[in-house]
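Below: one structure, written as structure tokens.
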Amino acid sequence: MKLTIRKTIYTFLLLAVTLHAGLLWWSQRPVDIVAVHKNGSHSYVLVKNFPFLDKEKITWWLKNKAMLKEKYNIPNPEKDGFYSVIFWDFGEGYKETDGYDRLCFDDMTTNINCIDKEKYFTVWNGKNNNISFGVHDGEYFIKENGDMIKRKYE
């Protein structure tokens, strides 16, 4: 009986370590920026391997916002400071429009200029110069004291 319990514990430990190692590897993959499209103060960044957790997404933005400005000139704020940067899953790549639910980019001169709408993350700066981070179930705000709070969507 004791041998069976020991084998079960070792099996679960091995499974837990393997799962943890896989998640760690998956979370450390570099983000691949495939393309950037712009429409005024709105920027659309098509990516592969974007972080999964909210904290990782925000950390990635904070670490890479200078690179995005230098390399892609985003964000592109309006005079009052407003901008939005939306990160989309590039998924299976560009496709033709389905006439309904794909996001299409007018700055491309081909009919294959749309992607499936799988949004990862949104960053926007409001007119009162408050940066917000949109995730699938809510928004994060940075308070004046630097604390971050989340407001869940209802």
What number of residues within the range 109-127 are without any contact (Cβ under 8 Å) to a residue 12 or more places away in the chain and closer than 24 Å to Pro77 by Cα? 0
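Please work out if Tyr140 is more than 26 Å from Arg29 (Cα to Cα), hydroxyl-bearing (Ser, Thr, Tyr), assigned by TED's automatic domain parsing to the domain that holds His37 and modelled with pLDDT of 85 or more. Explain how you work it out, then say what you get.
Values: more than 26 Å from Arg29 (Cα to Cα): no; hydroxyl-bearing (Ser, Thr, Tyr): yes; assigned by TED's automatic domain parsing to the domain that holds His37: yes; modelled with pLDDT of 85 or more: yes.
No: the conditions fail for Tyr140.
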The one condition in (1) modelled with pLDDT under 95; (2) loosely packed, with under 13 Cβ neighbours inside 10 Å that Met67 fails to fulfil: (1)
Scan the range 40-58 for residues that are modelled with pLDDT under 95, under 9 Å from the mean Cα position of the chain (by Cα) and buried (at least 17 other Cβ atoms within 10 Å of the Cβ) and report the count. 5
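Looking only at the range 72-118, count every residue that is within 14 Å of Val36 (Cα to Cα) and either among the acidic types (Asp, Glu) or loosely packed, with under 15 Cβ neighbours inside 10 Å (or both) and tell me the total. Steps first, answer last, please.
Here is the first cut: in the range 72-118, the ones within 14 Å of Val36 (Cα to Cα) are 72-76, 84-90, 93-94, 103-108, 113-115.
Among the residues that remain, those that are also either among the acidic types (Asp, Glu) or loosely packed, with under 15 Cβ neighbours inside 10 Å (or both) are: 73, 89, 93, 106-108.
Selection size over the range 72-118: 6.
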Qualifying residue in the range 66-89 (condition: among the acidic types (Asp, Glu) and assigned to a loop (DSSP other than H, G, I, E, B)): yes
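Select from the range 137-154 the residues that are free of Cβ contacts under 8 Å to residues at least 12 places away in the same chain and not basic (Lys, Arg) and write down the one among them that is nearest to Pro77 (Cα to Cα).
Residues of the range 137-154 that are free of Cβ contacts under 8 Å to residues at least 12 places away in the same chain, as a first pass: 141, 143-147, 149, 154.
If we keep only those that are not basic (Lys, Arg) too, we end up with 141, 144-147, 149, 154.
Working: Phe141: 18, Glu144: 21, Asn145: 24, Gly146: 22, Asp147: 24, Ile149: 24, Glu154: 29 Å.
Only one residue tops the list, namely Phe141.
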I'm told His136 meets every condition in (1) of a type outside the set (D, E, K, R); (2) over 28 Å from Glu154 (Cβ atoms); (3) surrounded by fewer than 13 Cβ atoms within 10 Å (Cβ to Cβ) except one. Can you identify the failing condition by its number? (2)
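Can you find even one residue in the range 14-31 that is touching a strand residue (DSSP E or B) at 6+ places or on another chain (Cβ under 7 Å) and either of a type outside the set (A, V, I, L, M, F, W, C) or surrounded by 13 or more Cβ atoms within 10 Å (Cβ to Cβ) (or both)? Step through it out loud before you land on a result.
Filtering the range 14-31 down to residues touching a strand residue (DSSP E or B) at 6+ places or on another chain (Cβ under 7 Å) leaves 31.
Checking the rest, the ones that are also either of a type outside the set (A, V, I, L, M, F, W, C) or surrounded by 13 or more Cβ atoms within 10 Å (Cβ to Cβ) (or both) come to 31.
Taking every residue of the range 14-31 in turn, at least one turns out to be touching a strand residue (DSSP E or B) at 6+ places or on another chain (Cβ under 7 Å) and either of a type outside the set (A, V, I, L, M, F, W, C) or surrounded by 13 or more Cβ atoms within 10 Å (Cβ to Cβ) (or both).
The values are calculated or read from the model by the stated rules, or taken from the named source; none is laboratory data. Please read these numbers as outputs of a predicted model, since none were measured by experiment. In this analysis, Cβ positions are derived from the backbone assuming ideal geometry, glycine residues included, and neighbour counts consider all displayed protein chains.
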